[in-house]
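Every number here is computed from the coordinates shown, using simple stated rules; none is lab data. Bear in mind the structure is a predicted one, so any value in this text is a computation, not a measurement. For neighbour counting, all protein chains shown are included, and Cβ atoms are generated from backbone atoms with ideal geometry for every residue, glycine included.
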Amino acid sequence: MEGRIVLSELEDTVRVPSVDTEADARERDIERILISEQEIADKLRELGEQITRDYQGREPLLIGVLKGAFMLMADLSRHIRLPVEVDFMAVASYGAATKTSGVVRILKDLDHDLEGRDVLLVEDIVDSGLTLNYLLKNLRGRRPASLEVCALLKKTGIQRVHLDVKYVGFEIPPDFVVGYGLDFNERFRNVPYVGLLRPEAYRDL
Ligand code: IMP
Ligand code: MG
């Protein structure tokens with residue numbers, strides 16, 4: 001009947017990601033969803049509750065590493081039921097688009113003084129761990145009262161340095177992923193889930 005919405009049709013359009021259609025142009029180069037929006041949301045609620053318990057009575061300073069952590073910071077911080085402050089730093093690691101060199105350049109430094117603060121570094125992904133290793137050393141030198149890390153993703157078994165990441169959302173295989181803040185050549189950051197790229201999408205580079 002015209003004008004009437006059939007529920008089964010509505011569910012098809014609303015719930016099924018349009019990976020195989022042209023409906024959402026963001027998703028054209030994505031082969032498979034690795035972690036869905038719902039899984040991310042559930043995990044962030046859990047992590048936020050854990051952080052709320054662990055920092056009870058304190059006022060942590062959340063430091064987001066741009067640009068990858070912008071979405072995580074927004075969503076995670078809403079689940080931390082404590083007075084927090086938020087700051088960002090921007091870094092770039094030298095190297096090719098999908099590889100890291102471990103040489104990190106600070107493009108934007110923090111506005112806050114870290115001395116005596118309970119600092120929680122919010123990172124998108126720990127891959128080789130070299131970026132995080134560099135950042136932790138740098139931040140430790142600013143004498144915070146405590147320094148912990150929350151990373152949405154950690155690639156299994158490929159860290160080149162030992163790192164203690166207290167809060168980890170998901171351990172994933174060592175493949176290149178995009179979405180939920182993570183980019184390939186600055187694209188895909190606004191994809192609301194974490195997905196795997198079609199190999200054709202980066203073969204040319
Ligand atoms: P790492 O130094 O190798 O641990 O990685 C440093 C940075 O590279 C991360 O913070 C990300 O911004 C980026 N990165 C690492 N792996 C991926 C990935 O699979 N997709 C997108 N960006 C990544
Ligand atoms: Mg990147």
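So the values come out like this:
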item: Cα-based shape type of the stretch 119-205, given that a ≥ b ≥ c are square roots of the gyration tensor eigenvalues and the cut on a/c is 1.5; result: prolate
item: Nearby lysines by direct alpha-carbon distance to K166 (threshold 19 angstrom, same-chain neighbours under 8 apart not counted); result: K43, K137, K154, K155
item: GluC sites (Glu not before Pro) restricted to DSSP loop in the stretch 120-205 with at most 10 other C-beta within 10 Å; result: E186
item: From phi via Karplus (6.51, -1.76, 1.60), per-residue ³J(HN,Hα) for the stretch 143-153 in Hz, x at Gly/Pro; result: 6, x, 5, 8, 8, 10, 10, 10, 10, 5, 10
item: Under-5 Å amide H pairs with G169, H placed in peptide plane, nonlocal only; result: A151, L152, L153
item: Residues whose placed amide H lies under 5 Å from that of V119, excluding near-sequence neighbours; result: L61, A145, S146, L147, E148
item: Residue-wise HN-Hα coupling along the stretch 41-58, computed from phi with Karplus coefficients 6.51, -1.76, 1.60 (Hz; x: Gly, Pro); result: 4, 5, 5, 5, 4, 4, 5, x, 5, 5, 5, 4, 5, 5, 9, 3, x, 10
item: Candidates per trypsin sites (Lys or Arg not before Pro) in the stretch 126-195, loop by DSSP, up to 16 other Cβ within 10 Å; result: R142, R160, K166
